[in-house]
Amino acid sequence: MALKSKRITVTIPGEFVELLEQRKREEHISTDSKFLLSLLMFDLSTRCPHSITGQVVNEPENFFYKVVAEIVREFPTARKNISSWLKHRIEEMRAQNPHPPAKADEPAGKAE
């Protein structure tokens, strides 16, 4: 049975390019589309909430990029429990530079 398909285009922070290439090598995945498809399959099969990363993509663009920079900085020595570390760092950054929470229906960068 052939599967239906839909082509999508996504834009990622340029800072993530090398990290994604490294992760593809680590997981022996040959293409961006296969890597993203594997992430999609994982997400849909586990149905776990993205309580940490989901909230960040709706933040103002400058805050979103601070989180991106933290992930890039921490990636080489990423801990096994990165989600609790990231949650803690996001809370620290919010405390240092408070701003009103983004509205969930506004794309990142539009809520300033």
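The values are calculated or read from the model by the stated rules, or taken from the named source; none is laboratory data. No experiment lies behind these values; they were computed from the predicted model shown. Every residue, glycine among them, receives a Cβ derived from its backbone with ideal geometry; neighbour counts consider all protein chains shown.
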Selection count where residues are assigned to a loop (DSSP other than H, G, I, E, B), of a type in the set (A, V, I, L, M, F, W, C) and either exposed (fewer than 12 other Cβ atoms within 10 Å of the Cβ) or touching a Cys at 6+ places or on another chain (Cβ under 7 Å) (or both), scope segment 33-60: 1
On the basis of being closer than 24 Å to GLU91 by Cα and within 15 Å of the chain's Cα centre (by Cα), does PHE64 make the cut? yes
So, first residue more than 21 Å from GLU61 (Cβ to Cβ) in segment 1-14, second residue modelled with pLDDT under 90, Cβ within less than 8 Å, six or more apart or across chains; the pairs are none
Of the residues in segment 23-32, those that are part of a helix (DSSP H, G or I) and touching a helix residue (DSSP H, G or I) at 6+ places or on another chain (Cβ under 8 Å) number 3
